[in-house]
There are 2 protein chains.
Amino acid sequence: MDATTEALQDDAGTFPHLDRDTSNCSIARTLEVVGEKWTILILREVWYGSSRFSEFERVLGCPRNLLAARLKMLVEEGILATETYKEPGSRSRPKYVITPKGVDLVPAVMGLLQWGDRYRADPEGPAMLSRHRGCGAHVDARIRCDQGHAVQPEDIESIPGPAFRLRPAE
Amino acid sequence: MDATTEALQDDAGTFPHLDRDTSNCSIARTLEVVGEKWTILILREVWYGSSRFSEFERVLGCPRNLLAARLKMLVEEGILATETYKEPGSRSRPKYVITPKGVDLVPAVMGLLQWGDRYRADPEGPAMLSRHRGCGAHVDARIRCDQGHAVQPEDIESIPGPAFRLRPAE
DNA sequence: TAGCTGAGTATGGAAAAGTAAACTCAGAGA
DNA sequence: TCTCTGAGTTTACTTTTCCATACTCAGCTA
């Protein structure tokens, strides 16, 4: 953050959001990876238990070339990893498993899930429920601060971080 | 959930995920609304303080026709609402503000943000930081159950809900 | 060695998105 | 009345993405 930015920041408690460089936004960068059609739905299926090409194809009904492209990208990004499995009487074939980097997408996907549950579910309720293994209670994504407080969206303050930059003048 | 489904569920503690009807999935339904290009980025800008057509255009650099289409859709979906503002010497013009339904997308967007912060940030760190107004601590999206426990992704159990259906046979 | 199967690749057309610029429209001010 | 401005709409073109289907490939079995 340069001096001008800092001055504006200190002055009004605000920041020049209209003139910032949005190219290093973490939301946009995440969407570059998981924002294409089918990608998040593939992760959903991994989560629900699928691991083989034919399983994804069957449950998603998505075109094979796109499925192959998305799986390849997810592996390249380290969100999925390939292992091999061997069905008796068949040769070894690849399967796809989630990595820790992929597991870290769970809060985002849970957020999408719970919004859909709230606003777009069928009259009888959601198609799937998520519960805490063991205690059995319903789970959802919530916002917390490092002090442990539950945080309401309106109490989140967004401030320029270390990589904040102004957009280069045109 | 029909009898067959219930039987499979009770039997193995699992469910026929490959044969389920995915058309009422809450994740997919949320993506139908916010999964198009620019939509989440528009919400991000609303969150950071933009409200006018020209402001979105300036900071996002997105095509005017797409911007108009996305704003219209977000208003129709009740995620944004229009109000009017009046600059002295000018006529009243519309501006866009977030609704409670839009605020409910914050956990999902926070999830995307924190994944990008972790895996795709610049070397010096994120472009923006989120902190709890008041206590000042960093905030992020986490998974909790209704009993108040912090839940690890691997302790989430996904089970068929009231609208679970098997895919119609072909 | 011919056929079968799961996991892809190749291809061609349709739909959506991106780009750029012209055009419209309502009201405030000169 | 003429002009200016913000907020769009429209048009025309290029590029990208999506979709459906056909085809290939490797190794296992008959």
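The values are calculated or read from the model by the stated rules, or taken from the named source; none is laboratory data. Just so it is clear, the structure is predicted and the values come from calculations on it, not from any experiment. In this analysis, Cβ positions are derived from the backbone assuming ideal geometry, glycine residues included, and neighbour counts consider all displayed protein chains. Keep in mind that these areas ignore ligands, DNA and RNA; they rest on the heavy atoms of the full protein, side chains included. Shrake-Rupley method; radii C 1.70, N 1.55, O 1.52, S 1.80 Å.
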Among B:131, B:44, B:29, determine the one that fluctuates most according to a GNM of chain B built with springs between C-alpha atoms less than 10 Å apart.
-> B:131
Under 15 Å, Cα to Cα: Lys pairs in the protein assembly as shown, sequence gap 8 or more or different chains = 7
Please turn the phi angles of the range B:54-65 into ³J(HN,Hα) values with the Karplus equation 6.51 cos²θ - 1.76 cosθ + 1.60 (θ = phi - 60°), one per residue in order, whole Hz, x for glycine and proline.
-> 5, 5, 4, 4, 5, 7, 8, x, 9, x, 4, 5
Show A:166, B:18, A:71 ordered by accessible area, largest first, where the area counts protein heavy atoms only and the probe is 1.4 Å.
-> A:166, B:18, A:71
Whole-Hz couplings from phi, Karplus 6.51/-1.76/1.60, listed for the range A:36-49; x for Gly and Pro = 6, 4, 5, 4, 5, 5, 4, 4, 4, 5, 4, 4, 7, x
Whole-percent carbon and sulfur contribution to the accessible surface of the range B:74-170 (1.4 Å, no ligands, DNA or RNA) stands at 49 percent
Any idea what the relative contact order of chain A is, in percent, if you count C-alpha pairs under 8 Å spaced at least 6 apart?
-> 25 percent
Please list, in chain and number order, the residues 5+ apart from residue B:20 or on another chain whose amide H is under 5 Å from its amide H, with Hs placed from the backbone.
-> B:167
Amide H of residue B:129: which non-local residues (sequence gap of 5 or more, or other chain) have their own amide H closer than 5 Å, using H built in the peptide plane?
-> A:159, A:161
Express the relative contact order of the range A:105-159 as a whole percentage, based on alpha carbon pairs under 8 Å and six or more residues apart in sequence.
-> 25 percent
Inter-copy spacing of residue A:122 label points, which lie 7 Å from Cα along Cα→Cβ, given in nm from shortest upward | 4.8
Note to self: C-alpha centroids of the range A:144-169 and the range B:77-144 sit apart, in Å, by 9 Å
Using a 1.4 angstrom probe with every protein chain in place, what is the largest-first accessible-area order of A:95, A:86?
-> A:86, A:95
Quote the relative contact order of the range A:15-88 in percent (integer), defining contacts as alpha-carbon pairs under 8 Å separated by 6+ residues.
-> 22 percent
So what are the ³J(HN,Hα) numbers for the range B:130-135, from phi and the Karplus equation (6.51, -1.76, 1.60; θ = phi - 60°), rounded to whole Hz, Gly and Pro as x?
-> 10, 9, 6, 4, x, 6
